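**Student:** Let me give you the structure first, and then I'll get to my questions.
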Amino acid sequence: GNKNIQAKLVLLGDMGTGKTSLVLRFVKGQFYEYQESTIGAAFFTQVLSLNEATIKFDIWDTAGQERYHSLAPMYYRGAAAAVVVYDITSMDSFERAKKWVRELQRQGNPNLVTVLVANKADLESKERCRMRAELIGEQYAKDNRLLFFETSAKSAQNVNELFYEIDHKNGEE
Ligand code: GTP
């Protein structure tokens, strides 16, 4: 028979790393060069029919600006999965991502599936920095037993794969 699956997830990460853009790419297939910064948090849903199952994604897209940091626990406490996003051209955003991972390890739900995402993979002009950030991120994800994806909200690279993998992991529990 048909299965109904709910996937509750939260996106965390520094401002400007592309959290809203990843969600909009997934939910609406759209991308904006001038995406406005999120205030507080935004909620999105997406329903997909895959094989025998109907999957409802409930997605909290949090604001990356530091002044909203204290709101984050409200969103990650109810989540089954957390997507921690950094910008592959910004080491600062990677440092911020590591802080989020540590906070989730300390204060998140113990079964939380955490995914580290290196976004803006399309920015080839910054190749050197990109390659370095990518390798470091992948190693960090391995060491901390996180899932890892390199994505581009702009080109759509790996965006569906990211959300499908989260659904898959939730289904295992
Ligand atoms: P906050 O809401 O401030 O936390 O930011 P955010 O993480 O939601 O980032 P947002 O999606 O608003 O994207 C910030 C900027 O990066 C926008 O100008 C986007 O167009 C751009 N951007 C997002 N994803 C990508 C990507 O994969 N590639 C490129 N080249 N630009 C991207």
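**Student:** Just to be sure I understand: of the beta bridges DSSP finds with both ends in the range 28-173, what percent are antiparallel, rounded to 5? Let's see the in-between values first.
**Tutor:** Numbers: 10 of 21 bridges.
Here the antiparallel bridges make up roughly 50 percent for the range 28-173.
**Student:** In Å and whole numbers, how far do the C-alpha atoms of the range 4-68 stretch along each principal axis, longest first?
**Tutor:** 41, 23, 13
**Student:** Another question about this same structure. Taking amide hydrogens as modeled 1.01 Å from N in the peptide plane, which residues meet the under 5 Å criterion relative to Thr114, leaving out close sequence neighbours?
**Tutor:** The list, which skips near neighbours in sequence, is Ala82, Leu147.
**Student:** When the helix-only estimate is applied to the chain (DSSP H runs of n ≥ 4, each -39,500 (n - 2.57), divided by the residue count), what is the mean residue ellipticity at 222 nm, nearest 500 deg cm²/dmol?
**Tutor:** Details: 5 runs with 62 residues, N = 173.
Roughly -11000 deg cm²/dmol at 222 nm, from the helical runs in the chain.
**Student:** Using each residue's phi in the range 157-167, evaluate 6.51 cos²θ - 1.76 cosθ + 1.60 at θ = phi - 60° and report the 3J(HN,Hα) Karplus result to the nearest Hz, with x for Gly and Pro.
**Tutor:** These are the phi-based 3J(HN,Hα) values: 4, 6, 6, 4, 4, 4, 6, 5, 5, 4, 4 Hz.
**Student:** Now for a different question. Compute the convex hull volume of the Cα atoms of the range 20-137, divide it by the residue count, and report the result per residue in Å³ as a whole number. It would help to have the intermediate numbers written out before the result.
**Tutor:** Working: hull volume 15.8 nm³, N = 118.
Looking at the range 20-137, the number lands at 134 Å³ per residue.
**Student:** Another question, if that's okay. So who's got an amide H within less than 5 Å of the one on Ala53, skipping anything under 5 residues away but keeping other chains? H placed 1.01 Å off N, in plane.
**Tutor:** Amide H neighbours of Ala53: Lys3.
**Student:** When all protein chains stay in place, what accessible area (Å², nearest 10, 1.4 Å probe) is found for Ile136?
**Tutor:** Here the accessible area works out near 60 Å².
The values are calculated or read from the model by the stated rules, or taken from the named source; none is laboratory data. Since the model is a prediction, treat every value here as computed from it, not as a measurement. Calculation scope for accessible area: heavy atoms of the full protein, side chains included, ligands and nucleic acids excluded. Shrake-Rupley method; radii C 1.70, N 1.55, O 1.52, S 1.80 Å.
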